[in-house]
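Report on the following structure.
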């Protein structure tokens, strides 16, 4: 058996002095068991441990002399030999120890700065929010997701390691959201958490997604559609109420235009005069103002809204009132630098006697969608293109928002003429029954 512990402190000091005096490094000093000291000319030495594991040679640095003494180096050699006996590679174990020390130091610095520990749910979630989620959805959507996580998840799970969170732990948080009656929010929070875990898997912060195990654990969402009037008699009454509205002219114009263009309320109230070509009867809404993904907002086509004669007339009447003082067609009543409030149309509907369970600003879309198909027999593809819905045909091809322009122009005029008849109290024949 090879000799072990053959070095002495005196021999080490003598070799170091000789190396410093002559400027020449001697051969490594062997202590046995694979441990050796590589003397330098600067009065230092490097401890090296040569070992074999699974038939392969390895080399491990165990410190510098004199910071690591001979006795300490032997202790580290003995610990490495015990690891080898247990089938553990000392070099890999050393790397793991250093990584853990660095992680602890990083966690200490983050904690001192008031930040969550690296690898915690909150740290990974905030990284996902900033690097992935914000680039895929609108700023408003991203902000709502952040707020939900901050309110409903971070206080309970935020500081825990992502890899240590289980499905029951996540469910407990979601049950709190359910308990306050926010069923849809609970589902949205679960969806966001699932994306955080998937991001964590990709970045090595965890190995599985416990949110996937909660697929059937939450109460189902009861879908409530926006209230909308679709009965011709009641639509006629609504249109007459709009015509008689005594409120601000800008609000009255928005109410009158809403059923003619059936856009989303935000798209309508943020309309800018620069988007209109009244001579051609066309409203071109830039892609970034539409309800789309971030990529579609940037690279998607503009949405075309053919304007009926009635719509052009409303806009021409409003033009002298707002075009000269604001870029917005419907500026705020308080400042021309902002569009009208999102509650302006809703409040006007309430004052006219149409409660929220009967009609909403968004309801003009549902009104048009239903009645164009049922009353005027317009093909679904043309209606959906005008609604700016991404709907696929039977071949799986998504309708382009610039398609069916001529058909949509004819549809919009026919729809405006139909609304005129309803306002006048005519053309309200009931639908023929299916048996007829």
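Every number here is computed from the coordinates shown, using simple stated rules; none is lab data. On a predicted model such as this, the values are computed, not experimentally measured, just so you know. All Cβ positions, even for glycine, are placed from backbone atoms using ideal geometry, and neighbour counts span all protein chains on display.
Exposure proxy ranking for 267, 358, based on other Cβ atoms within 10 angstrom of each Cβ and starting from the fewest, stands as 358, 267. For the chain, modelled as a GNM whose springs connect Cα atoms under 10 angstrom apart, the maximal fluctuation among 196, 222, 329 occurs at 222. For segment 136-268, averaging the sequence separation of C-alpha pairs within contact (under 8 Å, six or more residues apart) and dividing by the residue count gives a relative contact order of 19 percent. Between 0 and 90 degrees, the angle of helix 249-261 with respect to the longest Cα principal axis of the chain falls at about 80 degrees. Cβ crowding within 10 Å, taken as a proxy for footprinting-reagent exposure, orders 233, 7 from fewest neighbours to most as 233, 7.
Here the extension length gained between residue 94 and residue 277 equals 58.8 nm, from 0.36 nm per residue of separation less the Cα-Cα distance.
Only one of (i) 113, 51, 43; (ii) 131, 55, 35; (iii) 79, 52, 39 was calculated from the structure for Cα extents along the principal axes in Å, and its label is (i).
Once you order the gyration tensor axes a ≥ b ≥ c over the Cα atoms, which shape class does segment 232-423 get: rounded for a/c under 1.5, otherwise prolate or oblate by comparing a/b with b/c? Because a/c hits 1.5 or more and a/b fails to exceed b/c, segment 232-423 counts as oblate. Normalising the Debye intensity of segment 121-214 to I(0), with uniform scatterers on Cα atoms only, and taking log10 at q = 0.20 Å⁻¹ returns -0.93. According to the Kirkwood relation over distinct C-alpha pairs, the hydrodynamic radius of segment 99-138 is 11.0 Å. Between helix 232-243 and the chain there is an angle of about 90 degrees, using the helix long axis and the longest principal axis of the Cα atoms. Helix 363-374 and the long axis of the chain differ in direction by around 60°, with both axes built from C-alpha atoms.
For segment 9-108, what does the alpha-carbon gyration tensor say about shape, rounded, prolate or oblate, given a ≥ b ≥ c as the root eigenvalues, a/c under 1.5 as rounded, and a/b over b/c as prolate? In terms of gyration-tensor shape, oblate.
Based on DSSP H segments of at least four residues, each scored -39500 (n - 2.57), the chain has a per-residue ellipticity at 222 nm of -15000 deg cm²/dmol. Using C-alpha pairs under 8 Å with a sequence gap of at least 6, the mean separation divided by the residue count of the chain gives a relative contact order of 10 percent. Going from the fewest other Cβ atoms within 10 Å to the most, the residues 384, 207 appear in the order 207, 384.
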